[in-house]
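The values are calculated or read from the model by the stated rules, or taken from the named source; none is laboratory data. In this text the structure is predicted, and so the values were computed from the model without any measurement. Note: ideal-geometry Cβ built from the backbone for every residue, glycine included; neighbour counts use all protein chains shown. Note: areas computed on protein heavy atoms with side chains; ligands, DNA, RNA excluded. Shrake-Rupley method; radii C 1.70, N 1.55, O 1.52, S 1.80 Å.
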There are 2 protein chains.
Amino acid sequence: MTEMESRKAEARAWFESLRTRICEAFEAIEREAGSDASFDYQAWDREGEGVTPGPLEAGGGGGGVRGVMKGKVFEKVGVNVSTVGGAFSPEFAKQINGAADDPRFFATGISLVAHMANPHVPAVHMNTRFLVTTKSWFGGGADLNPPIPYEEDTQAFHARFRAACAPFGPDVYERYAKWADDYFFIPHRGVARGVGGIFYDHLESDSDTLFERNFALTRAVGEAFLDAYPPIVRKRMNADFTDADIHTQRVWRGRYAEFNLVHDRGTLFGLKTGGNIDAILMSLPPLAAWD
Amino acid sequence: MTEMESRKAEARAWFESLRTRICEAFEAIEREAGSDASFDYQAWDREGEGVTPGPLEAGGGGGGVRGVMKGKVFEKVGVNVSTVGGAFSPEFAKQINGAADDPRFFATGISLVAHMANPHVPAVHMNTRFLVTTKSWFGGGADLNPPIPYEEDTQAFHARFRAACAPFGPDVYERYAKWADDYFFIPHRGVARGVGGIFYDHLESDSDTLFERNFALTRAVGEAFLDAYPPIVRKRMNADFTDADIHTQRVWRGRYAEFNLVHDRGTLFGLKTGGNIDAILMSLPPLAAWD
């Protein structure tokens with residue numbers, strides 16, 4: 001196995017093990033709420049013109065596993081892992097780091113969006129990935145999306161990501177938090193989509209040192225998510241709410257859907273690379289309102 | 001007044017009078033259902049960098065009137081008229097007919113989307129417009145979007161537009177119906193967004209003869225809409241429906257929101273030209289579901 005093949009395999013194994021731990025943590029919360037909801041998993045193959053279905057190792061386009069749980073606390077949560085490869089379309093290749101002259105790519109990652117039943121519990125998004133073209137890099141992020149924000153939840157979420165970033169440099173958290181504020185913004189409304197978090201991309205990882213550093217950062221981000229989010233859910237999941245709170249939640253989810261459909265690069269990447277449509281659009285809310 | 005100024009004024013007056021007649025027809029249906037709902041009208045000015053607020057005649061960017069009714073039969077219907085002008089951004093100008101070398105534009109039109117309370121009543125869209133750059137043209141269309149389709153409604157809707165198009169040439173309806181099938185299609189789902197209607201664009205109208213022909217066609221399309229849609233509403237508005245029908249309607253509305261946010265050129269045009277965000281996104285459904 002070449003060094004690059006071993007990096008791809010390591011990254012993939014991490015994303016898949018993180019998926020399993022997150023899904024178990026979320027199912028445990030459902031148990032505490034007296035529900036027996038669990039994740040339903042569906043495997044899918046990458047599709048598209050000239051793509052052979054099947055695993056990458058066998059010359060196919062790869063694919064992924066879409067996990068969905070509809071529970072009592074988690075109204076709808078999707079956790080996807082995917083590992084895909086092939087060649088970008090010539091037009092799309094121009095927009096991708098290191099793909100202008102050689103459109104071949106590999107991508108592995110985890111992507112999660114949770115829409116919560118109780119409007120006092122924030123929705124959340126987390127996604128990390130390892131991309132390989134003629135270059136290779138990590139990217140990812142997580143952001144908190146409360147229909148009804150609580151300053152202490154926002155602080156706790158950010159504090160855990162600040163701690164995760166600290167070993168990687170004194171200004172890493174500030175830069176990535178600022179990047180999240182810039183990215184998770186709905187330009188046509190002129191409003192933030194949530195209360196932020198972190199976002200990073202193109203952490204180039206072509207050397208051993210860089211790969212190790214950026215893979216460690218990406219693992220730290222995954223651990224931070226797993227530490228930070230469940231306590232916020234447990235704190236709010238039994239809060240009383242009104243019909244007006246539910247309406248606030250649904251209108252807020254409409255904004256979230258607008259962001260994902262109009263602006264989100266991950267959604268675009270999925271639609272352009274033959275991702276599974278149900279997996280890509282699993283981020284969309286179970287019920288959204290536009291006044 | 002120059003010939004072109006008089007064409008702009010004629011087109012605008014037609015769109016505004018059509019708006020008034022449609023809103024009255026829809027309010028009459030609410031009366032029949034025992035509701036006193038009526039349209040609420042909000043005037044807005046075009047905004048954006050370098051745009052002076054106010055009417056075009058006074059050197060401003062123009063604006064429009066957004067009409068919304070939330071009734072018993074019409075869960076949410078928006079009818080907008082707008083008359084705007086100014087200069088496209090250099091990048092956007094390249095994409096617009098006749099604007100590559102001179103970015104100045106004028107646009108007047110009517111745009112309507114109705115989302116209906118009863119899932120047996122089809123939602124509907126209608127939009128017609130007159131655009132002026134270094135060229136001038138009419139465009140527009142209408143399509144029927146039933147969550148639960150009835151073949152006889154589809155036939156009746158298409159028959160009325162076929163009749164409207166007939167005086168303008170033997171193949172006009174077929175061409176415009178095909179154009180609607182191509183346009184009102186959700187590529188990432190591989191499905192039509194509804195049961196079609198008609199769509200046309202760039203009916204160039206630089207001469208008197210062409211202007212008269214295409215303005216007459218556009219008026220005929222407006223009359224066809226006003227004739228065709230209310231009888232379909234009256235036929236279905238008292239039908240019994242189940243929770244499952246409501247769920248079908250909401251999932252179907254999710255697809256509709258996807259089309260408008262990802263693909264619709266009218267939405268893009270509005271967002272790029274400083275249109276009123278509430279008017280542009282008024283097409284979005286009151287309540288949509290994603291499973």
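Odds and ends about this structure:
- Residue in segment A:233-246 that is within 14 Å of another protein chain (Cβ to nearest Cβ) and in contact (Cβ under 8 Å) with a residue 60 or more places away in the chain present: yes
- A:Leu226 passes every criterion in (1) within 16 Å of the chain's Cα centre (by Cα); (2) open to solvent by 20 Å² or more (accessible area, probe 1.4 Å); (3) among the hydrophobic types (A, V, I, L, M, F, W, C); (4) within 14 Å of chain B (Cβ to nearest Cβ) apart from (4).
- Boolean, A:Phe106 is hydrophobic (A, V, I, L, M, F, W, C), farther than 15 Å from A:Pro286 by Cβ, in contact (Cβ under 8 Å) with a residue 40 or more places away in the chain and surrounded by fewer than 23 Cβ atoms within 10 Å (Cβ to Cβ): yes
Yes/no per residue for (1) aliphatic (A, V, I, L, M); (2) touching a residue at least 60 places away in the same chain (Cβ under 8 Å); (3) under 27 Å from B:Ala216 (Cβ atoms):
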| residue | (1), (2), (3) |
| --- | --- |
| B:Leu18 | yes, yes, yes |
| B:Arg31 | no, no, no |
| B:Arg46 | no, yes, no |
| B:Pro55 | no, no, no |
| B:Gly63 | no, yes, no |
| B:Lys70 | no, yes, no |
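- Within this structure, B:Arg66 passes the test of being of a type in the set (D, E, K, R), under 30 Å from B:Gly48 (Cβ atoms) and within 14 Å of chain A (Cβ to nearest Cβ).
- Segment B:1-27, residues that are open to solvent by 40 Å² or more (accessible area, probe 1.4 Å) and among the small types (Gly, Ala, Ser): B:Ser6, B:Ala9, B:Ala13, B:Ser17
- Among residues of segment A:151-178 that are within 19 Å of A:Lys235 (Cβ to Cβ), those with a Cβ under 7 angstrom from a residue that is open to solvent by 60 Å² or more (accessible area, probe 1.4 Å) and assigned to a helix (DSSP H, G or I), sequence gap 6+ or separate chain, pair up as A:Arg160/A:Asp227.
- Positions within segment A:247-257 being open to solvent by less than 30 Å² (accessible area, probe 1.4 Å), within 9 Å of chain B (Cβ to nearest Cβ) and either among the β-branched types (Val, Ile, Thr) or more than 18 Å from the chain's Cα centre (by Cα) (or both), in sequence order: A:Gly254
- Among (1) more than 19 Å from the chain's Cα centre (by Cα); (2) of a type in the set (Asp, Glu); (3) open to solvent by less than 50 Å² (accessible area, probe 1.4 Å) - the single one B:Asp143 does not satisfy: (1)
- Scanning segment A:191-208 for residues that are outside any strand (DSSP E or B), surrounded by fewer than 17 Cβ atoms within 10 Å (Cβ to Cβ) and in contact (Cβ under 8 Å) with a residue 12 or more places away in the chain turns up A:Asp206, A:Asp208.
- Any hit, segment A:193-205, residues being among the β-branched types (Val, Ile, Thr) and either within 27 Å of A:Arg21 (Cβ to Cβ) or within 14 Å of chain B (Cβ to nearest Cβ) (or both): yes
- Of the criteria (1) at the interface with another protein chain (Cβ under 10 Å from one of its Cβ atoms); (2) in contact with a Lys or Arg (Cβ under 9 Å, 6 or more places away or on another chain); (3) open to solvent by less than 10 Å² (accessible area, probe 1.4 Å), which one A:Phe215 fails: (1)
- Tally, over segment A:146-190, of residues that are over 21 Å from A:Pro122 (Cβ atoms) and open to solvent by less than 10 Å² (accessible area, probe 1.4 Å): 1
- Candidate set from segment A:258-291 (those that are surrounded by fewer than 23 Cβ atoms within 10 Å (Cβ to Cβ) and touching a Pro at 6+ places or on another chain (Cβ under 8 Å)); member that is farthest from the other protein chains (Cβ to nearest Cβ): A:His263
- Scanning segment B:75-90 for residues that are within 14 Å of chain A (Cβ to nearest Cβ), open to solvent by less than 30 Å² (accessible area, probe 1.4 Å) and not aliphatic (A, V, I, L, M) turns up B:Lys76, B:Gly78.
- Among the conditions (1) at pLDDT 95 or above; (2) open to solvent by less than 70 Å² (accessible area, probe 1.4 Å), B:Lys72 misses just one, which is (2).
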